[in-house]
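Please read the structure below before turning to the comments.
Quick note: the coordinates plus some simple rules give every number you see, no bench work behind them. If you're wondering where the values come from, they're calculated on a predicted model, not measured in any experiment. Using ideal geometry, Cβ is built from the backbone for each residue, glycine included, and neighbour counts are taken over all protein chains shown.
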């Protein structure tokens, strides 16, 4: 790597082209699981546990089975005898998880039995008739209580509630603290929230006994889904066929679906009929894969009087819920950007994950990065407050400079490129920061609480899943590849294959644009197909903000291989050296300007073996499996190159509210966004706006909250409050492009943009507004009552 | 989220509807269904039979009657919102209606359904409570009348007679004089279940002195409540008058605490909104020509 990458000037990449998926969704012609009807299909409803923890004494299905149309009722005892436990990312073999509770349940709402009937309505009627006899057990809801000596273990066999406790020391932390002028401590808490897809999870499984294959149609976004199904159901890998041509109605992490699929797959094999399980909203929110990280951060930060931040100690305590799964890894991703965009010399990071009697934590947009960014940015605000330095000046003082890239942070990850100063300067200018400050002061003079919030943060993208071997040494993962195939048919038309489902990310547009760009073909003429998993190259699904980098890279490289083959054929026809020939939009150009047309090359490849260069196979097709750029080694000495590409975003927000009613209104919202070369601007814009709306929810409204009895209080949209169009303001997006030197066109990830910084910015704006009262509200979501009550309490004590 | 099995009946007349309800104590009336249908889907409500009154012409009228405006139980909220009769004769209800739900829910939700459900945060129920509307039932062939104060007894718990049918709600017409009404509420999202809601109506005489004032608070406790602000009569509704009256009126107000809003917040917000409602009502009354 040397010097900054050049801006990419494309014919199709970065141009204002429509998203090819949009028309079918807008017109109502998507094809979702609910739209797929298999002959003889059966339907599943679930019986949910009432208490947060209870021993299952007896399950009596007789009344349910006596109903007409009810086919089967199964419980965890039957299922666990037949299938393997679900994948556990950590090395905690006694924390076992099955799709239905075995012996005891571990959270309220956990599925204890499944009822199969001719219709879903019938299955729900019958589910009420299943009698579950239980004995209540002790339970624990709070992460800190779960850690205490003598706390009720969620998994008694495991011995404690601690799933993971790793401390990393990167750099001379103690020395840096000792040499710093000052330090401060803070605690912030990220509430349990999530992405909430408009479509709940759904799956259809069908066992074909003659072909010996399990067909699966699912609303899925899960890495290595087919492998996990085969392992759990004790099938060979090639006995599971996942159909990727199913539209997914939203995900951002939560369409994990593995327990549902193993359950439906088992039933389909047992009963010899297709089985469909589509969660209703209650099943989804209470016991599906709906809950994201819930994290307490304890931070100590050391700095000098001039604002230089030298070192940080961070303890992150994550409430994983009842089982391990993949959730604890969400403490790992942030290691790749643990200092944010700042030159912090040394870091101690303690990652702790505990079990509690709550629903299981699953992956959510950012995979743990959004909570960490909120913690880092709140820390920066506190340091600025403490020193009496302007928040922007403090950030400017500590930002990594554009001439320092590639920049290696203490945890071992190298940031590829960036120009944070340029993005911030653009936002302040185009967003009219001076005007915003004047507006804030005007509002304050009118008696309103008004504040400005800022947040600068990174979106690590396209990673190697290096947090797996870093947090679990038994795990030896060092690739997180993605494959693509480009095929030229006998008429010379181009088809590119995607080997995963998509949940709204526009991968068809991505693949067509990239292949069109490389081959010089109008992307609208490029066909995009999705073979099933048995016809697919290896891949890892659209997680970790990776597809522009990884699918984009695979498709571009496959297209380059097509060009290489075309040149070889053209050169042979011209009797020229391939090294002297070039390719331009289908035509091969020889020395002296001779041209071989695309039709001629296709004709040779498909029909005229005798005209092919010696040793060349017929046909014109190429597959490419893209390895993660920079993903060369396993983590070493607690350090890892976690992600290749780092997008940057800077938020600037003006919030106002009246002191008593305290309803925060977002008066202005400006975001500067640099994700390198943009493949399709509409997709990136949609991601960013949606991410900001998601962040507004996380900051002000959304929480999966449990009461003291261990019951989920927010299990429908009545209480789980998502921002509506009334609560989401107009957003001004300020664009900047610092290409990545590591990718095909300079692209980076953008699937998590907006969400990664908006909570910190909105919270910061509220705190700026609350400054006269000296109030800190350290837990998200920040509810109106908390603001108003805190102001009232402060005023009683004589503030301001 | 599928309803438990139930029968469905669409009667052709009020008489038929009453017969059906009297014959089956587990039957429920389906009016707009904006609350009932989600409750059915979550199996929180499990009626044996739904009696659908939405197409009964007799219950879909807004009429001026001797002592007020009678609103049929099946009058949809969007129709009430556009009613000239309500706008001119029941200004407080007119001020409350825009806060009810959203356009899609108002297109189906009914005035009668809102009253019958008895949600403490329902705007129409609060307006009815403040104005002391008359809630009319037909049960056993007899007309029964309830005042809001006796009708609303707890969160979604009412005195509705078993097997009875809510037929209409009679709102008293505006008093003579210069009348102003206002309605305010606060929630974390537009038109969500309010944390506090208030309505006020004042009457001014020719020189701007208050002759009557009404105030009520909803969403903070188990039922909407009318509060005594009669002390405002004789004042000119100055800032001090309003503050004192609101403080006294809210002194014994019971507020609930939940995940979304604390009791202390609800009380503080109710006080602020109550004063705001009285001020706005006053300003509107002042604008009316004597």
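With the simple spin-label model, which puts each label point 7 Å out from Cα in the Cβ direction, the residue A:797 to residue B:25 separation comes to 5.7 nm. Remark: spin-label model distance residue A:623-residue A:57 equals 5.7 nm, labels positioned 7 Å along the Cα→Cβ axis.
Assuming R0 = 56 Å, what is the FRET efficiency of residue A:575 and residue A:36, from their Cβ-Cβ distance, to the nearest 0.05? With R0 = 56 Å, the Cβ-Cβ based efficiency is 0.55.
For residue A:771 and residue A:210, the FRET efficiency from 1/(1 + (r/R0)^6), where r spans their Cβ atoms and R0 equals 60 Å, is about 0.25. Computed over the stretch A:738-800, the alpha-carbon pair-distance distribution with 10 angstrom bins reads 19, 34, 18, 14, 11, 4, 0, each value a whole percent. For the stretch A:602-700, the equivalent ellipsoid derived from the alpha-carbon gyration tensor has semi-axes of 51, 22, 10 Å in decreasing order. Only Cα sites of the stretch A:294-426 enter the Debye sum here, all with the same form factor; the resulting log10 I(q)/I(0) across q = 0.09, 0.21 1/Å is -0.29, -1.24, listed in q order.
Between the alpha-carbon centres of the stretch A:243-318 and the stretch A:470-542 there is a gap of 24 Å. At q = 0.16, 0.18, 0.21, 0.22 Å⁻¹, what is the base-10 log of I(q)/I(0) for the stretch B:57-172 according to the Debye formula with one equal point scatterer per Cα and no solvent? Please give it to two decimals. With no solvent term, the Cα-only Debye profile gives -0.66, -0.85, -1.18, -1.31. Take the Cα of residue A:386, step 7 Å along the line toward its Cβ, and report every residue of the stretch A:753-790 whose backbone nitrogen sits under 16 Å from that point. The answer is A:776, whose backbone nitrogens lie closer than 16 Å to the label point. Coordinate range of the alpha-carbon atoms in the stretch B:7-52 per principal axis, descending: 30, 19, 12 Å. Here the Kirkwood formula, the inverse mean of 1/r across different C-alpha pairs, assigns the stretch B:163-231 a hydrodynamic radius of 14.3 Å. Kirkwood Rh over Cα pairs of chain A into Stokes-Einstein at 25 °C, 0.890 mPa s: D in µm²/s? Translational D for this selection: 88 µm²/s. Counting Cα-Cα pairs of the stretch B:178-287 in 10 Å increments starting at 0 gives whole-percent bin shares of 16, 48, 26, 8, 1.
How big is D, in µm² s⁻¹, for chain B by Stokes-Einstein at 10 °C and 1.306 mPa s if Rh is the Kirkwood radius over C-alpha pairs? Here the translational diffusion coefficient equals 82 µm²/s.
Here is the tail figure for the stretch A:554-601: Cα pairs spaced more than 14 Å apart come to 40 percent of all pairs. Counting neighbouring Cβ atoms within 10 Å and putting the fewest first, the residues A:546, B:49 line up as B:49, A:546. Extents of the stretch A:481-626, taken as max minus min of Cα coordinates on every principal axis and listed largest first, are 47, 27, 23 Å.
Across q = 0.11 Å⁻¹, the stretch A:416-549 modelled as identical point scatterers on its alpha-carbon atoms has Debye log10 I(q)/I(0) values of -0.68, in the order of the q list. Convex hull volume per residue, computed on the Cα atoms of the stretch A:422-483, equals 154 Å³.
For the stretch B:167-257, the relative contact order works out to 19 percent when only alpha carbon pairs closer than 8 Å and six or more residues apart are counted.
Summing -39500 (n - 2.57) over the DSSP H runs of n ≥ 4 in chain A and dividing by its residue number, what mean residue ellipticity at 222 nm do you reach, to the nearest 500 deg cm²/dmol?
So the helix-based figure for chain A works out to -8000 deg cm²/dmol.
Looking only at the stretch A:134-289, where both bridge partners belong to it, what percent of the DSSP beta bridges are antiparallel (to the nearest 5)? Antiparallel bridges: around 70 percent, rounded to the nearest 5. Assuming R0 = 45 Å, can you tell me the calculated FRET efficiency for the pair residue A:27 and residue A:430, based on Cβ-Cβ distance, to the nearest 0.05? That gives a FRET efficiency of 0.80. In this rough spin-label picture, where each label sits 7 Å from Cα along the Cβ direction, the residue B:61-residue A:305 distance is 8.6 nm. Residues B:39, A:784, ranked from the fewest to the most other C-beta atoms within 10 Å, line up as B:39, A:784. DSSP assigns beta bridges within the protein assembly as shown; of those with both partners inside it, close to 80 percent run antiparallel. Dividing the summed -39500 (n - 2.57) terms of all DSSP H runs of n ≥ 4 by the residue count of chain B sets its mean residue ellipticity at 222 nm at -9000 deg cm²/dmol. The slack in the chain from residue A:271 to residue A:185, taken as 0.36 nm per residue of separation less the alpha-carbon distance, amounts to 25.1 nm. Ordered by the number of other Cβ atoms lying within 10 Å of each residue's own Cβ, fewest first, A:449, A:457, A:205, A:645 fall into the sequence A:449, A:457, A:205, A:645.
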